[in-house]
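Note sheet for the following structure.
The numbers here are math on the coordinates, done by the rules we state, and not lab data. Everything numeric in this text was worked out from a predicted model, so none of it was measured. Positions of Cβ are backbone-derived with ideal geometry, glycine not excepted, and every protein chain shown enters the neighbour counts.
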Amino acid sequence: MLESFIGNEDNSQKINSENLRKNVEEIFQIMGENESDSKIATDALVLADLRGVESHGISNMLRIYIEGYRNEEIKPQAKLSTIKDNLATCSVDGDRGLGIITTPKAMNIAIEKAKTYGISMVTIKNSRHLGMASYHAIQAMKHKMIGMCVTSCPPQVLPTFGAEPLLGTNPIAIAAPAGKKPPYVFDAAMSTIAANKVSISRRLGNNLLPGWISDNDGAPIMEEFNPEEYKVNGENYLLPLGSTRELGSHKGFGLAGMVDILGGILSGGGYGANPGRPNFGHMVTAYNIDSFTDYDEYTKTMDEWLDMLENSKTIPGKDKVIYPGLPEHITQIERTKNGIPIHNEVLDWFEKINKELVVSHRIN
């Protein structure tokens, strides 16, 4: 998470993660989920906050999920059904279930198949938002595997040279275990900025930076401006990773397209723009490292490679090179010990929703 998206002691309070977990688990149960699935959903949100990915933690997503349950866009206690099942592959129907519940179950299928076949890929159609994509990729690391997750999202992003949003933010996440070093965990939207970070900027009163979104005609805005001017459902849209053709927006556009293919079209459930919100399509893959090389040799080489990156020559003013997953690892250790900073606006919302739902476990 960029520093500009992180609150400070003046506008937030640190909340014990276990207290937060109990509160959120109870909310999911009130929404109709069983105890087991409520724990899965809560773990996905809390881990996002512990790792500093507030855009996909409880602050932004929980209130959206509650609304989804209430308007019946999200089905509680959804049952995954198998569409096709082959040796190393599988496609499932998510039954309109919340993606932070359906996707871990799909990853479990991939992990079990990869134990036998070395690699497994599972697609999920007819699902809903999956939260932090790396959460699902990380699950594979617990089994000495490399995990991957992509999600084909409803459109918010312009194609290069386009003035109409036809692609989702379409994140790609890859989690690779190491030995003594923190694992390599890459998780990024294929837009210049994740859509949820616009709401965080608004909450914190920060400006949007040049190259993040377009003007009313689809042209990149290359100067800072107030996020209050951003039209969430109107004329201003997110730009693909790279911002402009000259800076490489065709690369973000192309990668977002690949996510639509792998997570959407391949699942048999369409793609981000069709059928559109609230539908999401996902894909998870598990790579059994021992099927490719000796695991101990792999982790030794990973440590060597990560150490090379971290201790390479830096630009003036920077102490070290930070590889994907390292700052999140450090943040998770600190927040597990000292609490998760929750913005005061979010705390006010929690107080209201807890009273409304008659929640017995409170975060403070």
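Structure above, values below:
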| quantity | calculated |
| --- | --- |
| Option label - Rg/Rh (Cα atoms, Kirkwood Rh) computed here, alternatives (i) 1.02; (ii) 0.95; (iii) 1.06 | (ii) |
| Most mobile of 115, 320, 352 in a GNM of the chain (Cα contacts under 10 Å) | 320 |
| Dipole in debye (nearest 20) - the chain, about Cα centre, beta carbon charges: Lys, Arg +1; Asp, Glu -1 | 700 |
| Stretchable slack from residue 64 to residue 321, in nm (0.36 nm times residue separation minus alpha-carbon distance) | 89.0 nm |
| DSSP beta bridges in the chain [antiparallel fraction, %, rounded to 5] | 85 |
| Per-residue Cβ neighbour rank within 10 angstrom, fewest leading, 89, 103, 293 | 293, 89, 103 |
| Most mobile listed residue (163, 140, 173) in the chain, GNM with C-alpha springs under 10 Å | 163 |
| Given charges at Cβ of Lys, Arg, Asp, Glu: the range 31-92 dipole, positive-most of 58, 82, 47 | 82 |
| Highest-fluctuation residue, 11, 216, 311 considered, GNM on the chain with Cα pairs under 10 Å | 311 |
| Value of [θ]222 nm, deg cm²/dmol, for the chain, DSSP H segments ≥ 4, -39500 (n - 2.57) each, nearest 500 | -12000 deg cm²/dmol |
| Residue 18-residue 352 pseudo-label distance in nm [points 7 Å out on the Cα-to-Cβ vector] | 3.1 |
| Exposure proxy ranking, count of Cβ atoms within 10 Å, fewest first, for 359, 321, 185, 157 | 321, 359, 185, 157 |
| Sequence-distant lysines (8 or more away, or on other chains) whose Cα lies within less than 26 Å of residue 181 | 115, 142, 144, 300, 313, 318, 320, 337 |
